[in-house]
Amino acid sequence: MNAIKEALKNVSDLWSLMVGLKVTGRYFREPQRTVRYPWKALSNTDTYKGHLELVGGMKDPFKPRCISCGMCALACPSNCLTVVKRKAPKPTPEEEKALAEAKERGEKPKDKTPKDPEKFIYDFSLCSLCGTCMENCPAGALQFSGNIYMAGYSRNDFLFDLVVKMRESEAASPAEPAAAPAATSEA
Amino acid sequence: MPAEFIRILIGLVAVAVSVGLIGLVMVWVERKVAGHIQRRPGPYEVGPNGVLQPLADALKLVGKQLFMPDGADPILYWLAPVLSFIPVLLLFLPLPVGDGLMALDINLGLLLILAFAGLTVLSLLLGGWASNNKYGLLGAARAVAQSVAYEIPLLLSVLAVSFVAGSLNLAEVVKGQGTWPWNWNIMTQPLAFLIYIVSALGETNRAPFDLPEAESELTAGFHTEYSGMGFGLFFLAEYANMVVVCSVATALFLGGWQGPVLPGPVWFVLKVSLLMLLMVFFRWTYPRVRFDQLLTINWKWLMPLAVLNLLATSFFVKLAQFTEVRW
Amino acid sequence: MLQNAYPDQIAGDFYTENFAKKAAEGSLILNLGPQHPSTHGVLRVVVELDGEYILRAEPVLGYLHRMHEKMAEVKTAAQFIPNMGRVDYGQALGWNWAFVGAVEKLGGIEVPERAEYVRVITSELNRIASHLLWWGAYLLDLGAFTPIMYAFDDREKILDILQIPTGSRLTYSYFRIGGVASDLNEDCVRRIREFIPWMRSRLPMYKDLVSDNIILRKRIEGIGVIEPDVCQRYGATGPVARGSGIACDLRKTEDYSVFRKLDFIAPTSELKDARGRYDVRMIEMEQSLNIIEQCLDMMPEGEVLVKGAPKPSWKAPKGESYFAVEGARGKIGVHLVSDGGKNLYRCKLRAPGYCNLSLFAEVSQGTILADAVAILGSLDLIIPEIDR
Amino acid sequence: MDALLKGLPLTYLAACDYRKTGKNWQAILPASSLVAAAQRLFKAGYFLEDIGALDCVEGYVVTYHFAPFETAGRVAIRAIAPHAKPVLPSIAHVFHGAEWHERETRDFHGVVFEGNPNLVPLLMDPDMADCFPLRKDEKARARMRDILEIGEVRFCAPGFDLMTPEAPAEAAAKPAGDAATA
C-alpha cells in the first residue's frame, strides 16, 4: 500500500517539471537582461573606482594639489607609490642677492621650491584600490579615476607617472588653451 | 535494381549534406534558445543574429590540432568518432519526409533505425576506452549501461505503434494516420509517446540524461580527450541522433508528413523542429539525474509501463480483428 | 587496471602516491581537480573508486595558498585590510569585519553606531550575493545550467549597489578600523530599498524553477547526511551546522554589533542532508533582506568613522584578541597577537570553509561520484578562503 | 571550566574578559594532558575552532581555541612546544577536524604532532616541507607574558612564572628594551 502511495506521489511530483518549463518559457519570451556591451553603454560605470589620479588645484586644474609629503607612499599597503620631490630651482643672481640680504637681516630664507611633485610613480599592477592613500593625504590630492578602460599589453603599461598622466589629460582637454603652454614650460 | 541503387545514392548524398546543415543549424538554435532562456542574446556577432557563428566554430574545430593522449589505442581512438557519425547517416535513409520522399523504401525501415541506433553506443564505448583516461572510461561505462537500458523501452513503445499500424515501414505507419491531430497515433498511444520521448532523451544522451558526458562529475566523460574534429564528429552525431529520434517520433506518433493546408515535407520539418525545441528546453531547464536514478527510472518505471502498454495494445488489436471494428 | 597498464608512466605526485599507499586491490584512483568543473577553482580531491562508489576521499589543498598570515606580520594592522577582501571572494565584507573587529577589540576602539548599521547592511547584502553565487554554482554542479544566470542577474544588482560605497565589485576593502570608509549615500539607500522587494519577488521563482523540482529533490534529499556530532568533531559552522540542526548563528549567540536590536531568525533544519543546507541558505537570504530593511529604518545619522581612527602607522597595543563574525559560510575568526610593535605579531585566520571541507572525507565515504559532487557543492566552498 | 579541567595536571588557568579579548578562559597544559583535556571538552559539547602556534621566546605556544555551538564563549588551551624539539601529542582522534589544523601548524611552524594519522604538508608544497614561514628570528621573538593576556589567575603551578608579570619596578625599568626586542 505504502509503495503504491509513494509511486503515486512520484507521479504527481512530475508536475514540478512542467512548472520548471513554465518558468524558463516565460523568461524565454521576456526581454534579455544582458547589455550588448561594446554597442551599448553600461549603466554602472559612474561609481566605479579605477586607478589613482592626481587632483588639480583650485586655480589651475592641471597643477597637482600634491605637496609631495609622501604620506600616501608610507600608508600604501602594497608599496605601489613613489613620490619624487622637486629639487630647489637654481636661484637667479638677483634672487641670490636677495637671499644673502635676507640672511644678513637674520630672516629665514623662504623655501621657493615648488611643492608639487617632480614625479608620482604609480604601479597599478600592484595597487589593490583600497583607498588608504587618499584617506591619509593631508592635501586631498588623490582620487580614484572613473577610468574603466584600463588595458595594456604588458605589465609595464600599468607603471605610470601620474604627473605625466595629468599633463596628458590637459593636452587632451580642449578648454583653456592658454594655460597649456604655461604648464609645460614650467615643467 | 539500378533505379533503386541510384535512389539510395542520391539519398545518401542528400543525407550527408543535410546532416551537416542540420548540425550547424541546431548548434545555432540551441545556443540561441539557451541564450534567450537565460535572458542573454546568445551568439550575435558573427553574421546577422549570429547565424554564421556555428560555421565559424566548425572552421575553428577543423583547424584545430588533433592530438592523442599518451598510451591511447591509436586505431580505436580515431575509429570512435567516425563510427559515431557513419551509422547516423544510415539512420536517415528510411525516414519518410514526405509522401514517397524517402531514400530507402523498405518494409523493415523501423528495424533498420533501431538496429543502427544501437551502434552509436559502441563508438562511445570505444572513444572512452581507447583514450586511456579515467574519466573517459567512467563515461564509457555509463554510456553502455544507459544505452542498453533505454533501448528496451524505446523498442517496446515503438512496437506498440507498429502493432496498431501492422507494419514496420515508416511510410506505412504514417499513411495509417490521418490529417488532423485526432487521427494521429498519439491519441491512441499517449503512454507509448511519453515513454518514447523519455527513452529517446536517454538514448541520445541529452540532458537531463547526459550522464556519459556529465561535466560536473566526469569533466566531459567519453570525449574528454578529443579535440578538433574528433570532438566535432561526436558533437554532430549527437545532433543528428536527435533529429533521427524526433523524426521517428513524428512519423510514429504525430502523423508524419500529414497535416492540413501545407505540403507534407513542411509539416514534417515543423513537427520535428517542435520536438527538438522541446528537447532543447528540457536541457536548459532541468538538473541532471543521478546515474542510479537514471537506471531506476528505466527499469522500474519505463520498462513495466512499456510492457503493459504493449500487452494492452496487442489485446485491443486482436479484439479489433475479431470484432472487425476499426478504432 | 588502467593505472597498471603502463607501469613506466609516472604514478602521480606526492599526494597521489601517499594516498595510493592505502588503496584497496583493484580500485581506481581518480584525481578530481585541481582543474575540474565541479571544484569551483583549484580544489583537488583524490578519490579511490570501486566502480562509481567512493571508498576513500582526500582533499588536497594549497593550490591557492598565499600565506596571508605571513603578510599580516609584515604590514601594519590597517594596511592588512585589503588582504581580507582577497581571502574570500564570496563574502569579502565578512572577512573585512572579522579583522577590523579583532583590531578594534585589541585597541579598545569604539565604533560609531551608524557605522555598525552600515556594516550590517553591506555585509548582509554581501551574504545574499554569496548565497546567490553558491546557489547558481551548486545547480551548475547538479547539471542545471540556467539558474546561475538568473542568480547572477540578481547578484549583479547587489554588486552595483555595493559598488557605490565601496568602489569595487568583488574584493572589497571597505571597513576601516573604527568604522567604514564611506557612508551610504542617498542613491545607494534608494537602490537598496528598491532591491529588497525585487529580491523577495524573485525567491518564489527560484522555488518554482529549482527548489520544488523533482529531479533536484531526488538529487539532494538524503544525500550527505551530517550528524551534529560530525559537525562537532570537525568544527563545522554556518549553514552546514545549521543544516544539521545546530542553532549556532553567531549573530544570535554572540550578538556582536547591532544584531541584538534586530528581529530575525537564524534558520536551522533537522534534515541534516544537502536539502537541509539548501533550505537554510534559501531562508537566510530572506532573513538577510529582513535585516537590511530593519537596519535602513533604524539607522541613525552620524559619523561612520570614529574620530581619531587609527592611521596606517598606528601601532596596535600589546595583547591578544579573538573576534568572530557569522560569515556566509560560517564562523570567520581572527586571532590577533600584538607585541606593541609596528606590525602584528601573529594573525591567525579561522576560515569556516576549511573546517567545513575537512568533514568531506568522512561524509563522502560510500557514496557515488555524483553524490560526492552534490555534497561538495552543498558545503559551499570558496577555495581562496580555504587555502588562504 | 574549573570543574571541567579538575584533576588534570594543569600548569596555568586564568579567567579572561570575553568582551575584551574574546575568550573566557585560558589554560596552559603540559603536553601530556592535552588529549585528556580535549576529551573532556568534547564531552562538554565544545568544538575545535582552530589551532595556531605562536613563536615565543619560551617555545612554540600552540593555542587550541574551543567554543560551544549555541552559546557565546571561548576557551584557549595552550601547550608549549620547546624550540629544540617541538613535539606535541595529536588530538586528531578526539576532534577529527584537528587533523588539518595540526597539519597546517606543522606547515607554518614545524610543530610535529605525534599520532596525527596523516601528517603531510597540507597548505605548503611538499617540496617545501621543511620551510616554516611563520617561525621568527631569535631577536624578533617576544615573551609570553608580554603578548598574551594574563587574565584573572585561578591556578598556577608552582615554579611556573612565564605568565607572571614582571615586578613593577623591573617592568618600568625596561619597557623600552621590550619594544626594541619586539
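The values are calculated or read from the model by the stated rules, or taken from the named source; none is laboratory data. The shown structure was predicted, so the numbers you read here are calculated from the model rather than taken from an experiment. So basically every Cβ, Gly included, is an ideal-geometry build from the backbone, and we count neighbours across all protein chains shown.
Before moving on, here are some points about what is shown:
- The set of residues from the stretch D:14-38 being away from every other protein chain (no Cβ under 14 Å) and either surrounded by fewer than 22 Cβ atoms within 10 Å (Cβ to Cβ) or assigned to a helix (DSSP H, G or I) (or both) comprises D:15, D:30, D:31, D:32, D:33, D:34, D:35, D:36, D:37.
- The helices (runs of 4 or more DSSP H) falling completely within the stretch B:1-102 that include 1 or more residues that are out of contact with any Leu (no Cβ under 6 Å at 6 or more places or on another chain) and of a type in the set (Asp, Glu) map to B:2-37, B:53-63.
So that you can scan it fast, the table gives a plain yes or no per residue for (1) surrounded by fewer than 16 Cβ atoms within 10 Å (Cβ to Cβ); (2) touching a strand residue (DSSP E or B) at 6+ places or on another chain (Cβ under 7 Å); (3) more than 14 Å from chain C (Cβ to nearest Cβ):
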| position | (1), (2), (3) |
| --- | --- |
| B:11 | no, no, yes |
| B:23 | no, no, yes |
| B:38 | no, no, no |
| B:57 | no, no, yes |
| B:67 | yes, no, yes |
| B:70 | yes, no, no |
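- So residue D:42, is it surrounded by 24 or more Cβ atoms within 10 Å (Cβ to Cβ), modelled with pLDDT of 85 or more and not in a loop (DSSP other than H, G, I, E, B): no
- Just so you know, in the stretch D:87-129 the residues that are part of a helix (DSSP H, G or I) and within 19 Å of residue D:59 (Cβ to Cβ) include one that is farthest from the chain's Cα centre (by Cα), and it is D:107.
- Qualifying residue in the stretch B:152-161 (condition: surrounded by 20 or more Cβ atoms within 10 Å (Cβ to Cβ), under 28 Å from residue B:314 (Cβ atoms) and more than 20 Å from the chain's Cα centre (by Cα)): no
- Checked against (1) within 28 Å of residue A:35 (Cβ to Cβ); (2) at pLDDT below 80, residue B:29 passes all but a single condition, namely (2).
- Count of the stretch C:198-221 residues, restricted to those that are at the interface with another protein chain (Cβ under 7 Å from one of its Cβ atoms), under 26 Å from residue C:368 (Cβ atoms) and aliphatic (A, V, I, L, M), is 4.
- Taking the conditions (1) free of Cβ contacts under 8 Å to residues at least 40 places away in the same chain; (2) over 19 Å from the mean Cα position of the chain (by Cα) in turn, residue B:167 satisfies each one other than (1).
- Whichever residue in the stretch A:19-51 is farther than 29 Å from residue B:280 by Cα and β-branched (Val, Ile, Thr) and, among such residues, is nearest to the other protein chains (Cβ to nearest Cβ): A:47
- Within the stretch C:222-272, the residues that satisfy the criterion of being touching a Cys at 6+ places or on another chain (Cβ under 7 Å) and facing chain D (nearest Cβ under 9 Å) are C:234, C:235, C:236, C:237, C:241, C:246.
- Residues in the stretch C:66-80 that are free of Cβ contacts under 8 Å to residues at least 60 places away in the same chain and facing another protein chain (nearest Cβ under 7 Å): C:70 alone.
- Some residue of the stretch C:319-340 being modelled with pLDDT under 85 and of a type outside the set (D, E, K, R): yes
- Hey, residue A:129 within 12 Å of the chain's Cα centre (by Cα), surrounded by 15 or more Cβ atoms within 10 Å (Cβ to Cβ), modelled with pLDDT of 80 or more and closer than 18 Å to residue A:85 by Cα or not: no
- Contact map, the stretch C:137-150: first residue at the interface with another protein chain (Cβ under 8 Å from one of its Cβ atoms), second residue buried (at least 24 other Cβ atoms within 10 Å of the Cβ) and among the basic types (Lys, Arg), Cβ cut-off under 7 Å, separation 6 or more or different chains; pairs are C:142/B:288; C:142/C:219; C:143/B:288.
- The stretch C:86-97, subset in a helix (DSSP H, G or I) and crowded, with 24+ Cβ neighbours inside 10 Å, residue farthest from the other protein chains (Cβ to nearest Cβ): C:94
- Boolean, residue A:78 is surrounded by 13 or more Cβ atoms within 10 Å (Cβ to Cβ), of a type in the set (S, T, N, Q) and over 16 Å from the mean Cα position of the chain (by Cα): no
- Looking only at the stretch C:33-62, and only at residues there that are polar (S, T, N, Q) and crowded, with 21+ Cβ neighbours inside 10 Å, the one that is farthest from the other protein chains (Cβ to nearest Cβ): C:39
- When we screen B:160, B:171, B:192, B:140 for residues that are part of a helix (DSSP H, G or I), out of contact with any His (no Cβ under 9 Å at 6 or more places or on another chain) and closer than 20 Å to residue B:288 by Cα, the only hit is B:140.
- Residue match in the stretch B:213-222 (condition: buried (at least 24 other Cβ atoms within 10 Å of the Cβ), in contact with a Phe, Trp or Tyr (Cβ under 9 Å, 6 or more places away or on another chain) and either of a type in the set (S, T, N, Q) or farther than 26 Å from residue B:61 by Cβ (or both)): no
- Residue selected from the stretch C:289-348 under the condition of a type in the set (Asp, Glu) and within 30 Å of residue D:47 (Cα to Cα), by the criterion farthest from the chain's Cα centre (by Cα): C:339
- Residue check for residue B:203: acidic (Asp, Glu), at pLDDT below 85 and under 21 Å from the mean Cα position of the chain (by Cα): yes
- Of all residues in the stretch A:12-28 being of a type in the set (S, T, N, Q) and touching a helix residue (DSSP H, G or I) at 6+ places or on another chain (Cβ under 8 Å), the one that is surrounded by the most Cβ atoms within 10 Å (Cβ to Cβ): A:24
- Yes/no for residue C:119 being away from chain B (no Cβ under 14 Å), under 26 Å from residue C:287 (Cβ atoms) and free of Cβ contacts under 8 Å to residues at least 12 places away in the same chain: no
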